[in-house]
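Data first, discussion second: the structure below is written as structure tokens.
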Amino acid sequence: MDKTFYIETFGCQMNAHDSEKVVGVLLEKGYREVETPQDASYIFYNTCSIRDKAEQKVFHRLDTFKRESGKGKVFGVLGCVAQQEGEKIFARAPHVSLVAGSASYSKLPQMLVRLEAGEKRVTGLKFDEQEAFETPFARRDNPYRAYLTIIEGCDKSCAYCVVPFTRGPERSRTSHSVIAEARQLADSGYTEIQLLGQNVNSYRDPSPAAWDFATLLARVGEIPGLRRVRFTTSHPRDFVKDIIDAIDQTPTLCNHVHLPVQSGSTSVLAAMQRQYTLEEYMLRIDWIKKARRNIAITTDIIVGFPGETERDFADTLNLLDTVEYDSLFNFKYSPRPNTAARSMADPIPEAEIARRHVILQEHQRAIQIRCSSLLVGAVEEVHVEGRNKALNQWIGRTSTNRTLNFTHPETDRDLVGTYLPVQVTRAGPNSLVGAAALDGSESIPRVV
Ligand code: SF4
């Protein structure tokens, strides 16, 4: 069997970065990544179980892989559905030979050796609390912006969430190893780093240095060569004012905080076991709004949690008006395996959840149209991420994490990776349009 592999990834940035690490580990052991499942001997599917019917979708995709990829392949299921369903996957998809959760990826090459030696089924489902999956070999997809995991797992127990079961307890990396990797990324030409964690701000340095998250954030932001540092996702309970002070004092820290609220009703927050009241959440919003720079705020909302009344839902709509989020992810509640909310009384009918979902989307869209229109005429610095050839536009991202598509007179030059000032000429609810503001202040990326 040749050592070719194909990997497909579904889910959040943590999953995307996990796949980058898996690819790096396998390349280091002599495996070769290919573009299609047809060309691969090993087919990996890195899964997510956050959304409704995630398991069915995974099995459907696995069936498609089997049908379309040809004979003699080895199939591996990775990620949250692998951790959640475990060996049950072998029964439902007998063509699968390997099932592994995120805490086991560093052992993937050994698992493949066992399969190559003739074992029929191999699993990696244990949580090693000492182990955060780190590798010097991560093969990052973007040459300018890098993900960097600082904490794995979650110690909270939100009533609707599978993550504590699928990613295990919190394990923070030492500040020394985070800084060393960030420096190495900057030295290799990366100018933007995104610090990752399920609850990134619950970070606790296990080394004697004992840095908290705000200290780590500020120190990463001081690394020469970095232009932008982002972080996601923050848990409101652990969001302290020191984080805003760090942003105030460190120009490289981006003007964006993602602070998932989930509901605007304190009684729903209590039922969700979120560990904060609406009042406590609003105190954090107040800190962010009083920062020296204009910081964009985004959030996650779940509609239709069991027991959510019309009054609770109205409180959530009021919250949107008060905060004026730059954008939000709006999820329809669906019961997930092993979670406390699964057996809660007073479930909301699916049609009603769908109705509230649409109302919330429209409500937020109106807010985004109103707030975005205020940006017309402003000049924003963008990090250029790509090009839309059909529209003859470049795709940039602002420090506030907005997409700003823009024109530039030098159509022959490759601008990807550069930082440019762009004047906003039009604003839609989800993106901005503009033209390069040619004042000579653009910067060319260093060669990677
Ligand atoms: S904080 Fe809550 S929602 Fe976030 S990963 Fe942990 S349990 Fe899930």
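Bear in mind these aren't lab numbers, they're just calculated from the coordinates by the rules spelled out. This one's a predicted model, so the numbers in the text were calculated from it and none came from an experiment. Don't worry about glycine lacking a Cβ; one is built from the backbone with ideal geometry, like all the others, and counts go over all protein chains shown.
Taking amide H as placed 1.01 Å from N in the peptide plane, H258 has its amide H under 5 Å from the amide H of S234, T298, each at least 5 places away in sequence or on another chain.
Placing unit charges on each Cβ (+1 for Lys and Arg, -1 for Asp and Glu) gives the stretch 145-373 a dipole about its Cα centre, and among I297, C254, L317 the Cα reaching farthest toward its positive end belongs to C254. Restricting the calculation to Cα atoms, the stretch 145-373 yields a radius of gyration followed by a Dmax of 18.4, 55 Å.
Amide H contacts for L432 (H built 1.01 Å from N in the peptide plane; partners 5 or more residues away or on another chain; cut-off under 5 Å): T403, L404, N405. For G124, nonlocal amide neighbours, meaning residues 5 or more places apart or on other chains whose placed amide H falls under 5 Å from its own, are V99, A100, G101. Compactness check for the chain: Cα Rg over 2.2 N^0.38 Å is 1.01. Taken over the stretch 176-269, the percentage of Cα pairs per 5 Å bin, counting from 0 up to the bin with the maximum distance, is 3, 13, 24, 23, 18, 10, 5, 3, 1, 0. Based on the inverse mean of 1/r over its pairs of different Cα atoms, what is the Kirkwood hydrodynamic radius of the stretch 263-381, in Å? Result for the stretch 263-381, one decimal place: 15.6 Å. A DSSP coil position with no more than 12 other Cβ atoms inside 10 Å describes the following GluC sites (Glu not before Pro) in the stretch 6-69: E35. The smallest convex shape that holds all Cα atoms of the stretch 379-436, its convex hull, gives 72 Å³ per residue. For the chain, the residue among C48, T339, G86 whose Cα projects farthest onto the positive side of the dipole built from Cβ charges is G86.
I need to check one value: relative contact order of the chain, counting alpha carbon pairs closer than 8 Å and at least 6 residues apart, in percent.
Result for the chain is 10 percent.
How far, in nm, would the chain grow between Q423 and E410 when pulled straight, counting 0.36 nm per residue and subtracting the alpha carbon separation?
On the way: separation 13, 0.36 × 13 = 4.68 nm, distance 1.61 nm.
Length gained, Q423 through E410: 3.1 nm.
Please report the base-10 log of the normalised intensity I(q)/I(0) for the stretch 1-118, using a Debye sum with one equal scatterer per alpha carbon and no solvent, at each q in 0.20 (1/Å). So the normalised log intensities are -1.13.
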